[in-house]
Amino acid sequence: MKLSKNLCFAVALAAALAANQSRAVDVVGGQTNVILDTDTLAAAANLTLDAVGGATIVPGDLAAGAGETSAAFPIDAASTLTYTPGDFLNTFSAGGTIEHNGTVGFNTPDGDAANDATVGDFSIRFDATRIGGDRSGFFVQSTTGIVAPLFDIQVTNVIDLADALTIDGELLVSAEFGQFLFDNSFSSTNLVGADVGAAQVAATAIPEPGTLGLLAGLTACVLGRRRR
């Protein structure tokens, strides 16, 4: 009986520590909504939105104004971002990503469909070396078609709950994408840093497996004592 009490105490203590210090959750679903300033992209970079593919949703949940296009991209369960509710910016896993499904295509100025640009299956990642100016370190990487960072994210708001994560931000043309557009004569100047849209991550989250296992162990211990 003494061993059983000690065991229950140890489990209860571990559960309390987990509840107070390490209530980490994993991003597992939801969608990221995007507004693209298509007028700016057409005028500054000769890119005209032509088509969407895969799991892309049109329109997304963000309302588009004149000269803008709204779309959304489902968040894939392969995402690996982990954070502690209420303290996202200090606890998110720097190596974690938010993965998406869906593509968008743009007509290019030469009129040749074979040269049209496709981007998509986006991955939101973090790199501390990208922090500076309005850049938060978070960026949008295209993993289909043009495989490169497209936009740095200027984070404007974060709501980090135990079952949901919302991140609002502005989309700034990345150094890589700006150079690509300039080198390929899509733009006459390097558009790095230009604000060409907005994004809202609306993700769902669940407790990490370790936290669930700890709570299950505590429950089993308590029930076991009652049955005795």
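Based on the alpha-carbon set only, what is the convex hull volume of region 117-178 divided per residue, in Å³?
On the way: hull volume 5.6 nm³, N = 62.
It comes to 91 Å³ per residue, whole-number rounded.
Sequence-distant or interchain residues sharing an amide H contact under 5 Å with Ile75, placed H: which?
Correct list: Gly30, Gln31, Thr32.
Take region 48-139, drop everything but the C-alpha atoms, weight them equally and run the Debye formula without solvent; then report log10 I(q)/I(0) at 0.13, 0.18, 0.22 Å⁻¹ to two decimals.
Here log10 of I(q) over I(0) equals -0.62, -1.00, -1.14.
Here, each number is a calculation from the coordinates, and none is a lab measurement. On a predicted model such as this, the values are computed, not experimentally measured, just so you know.
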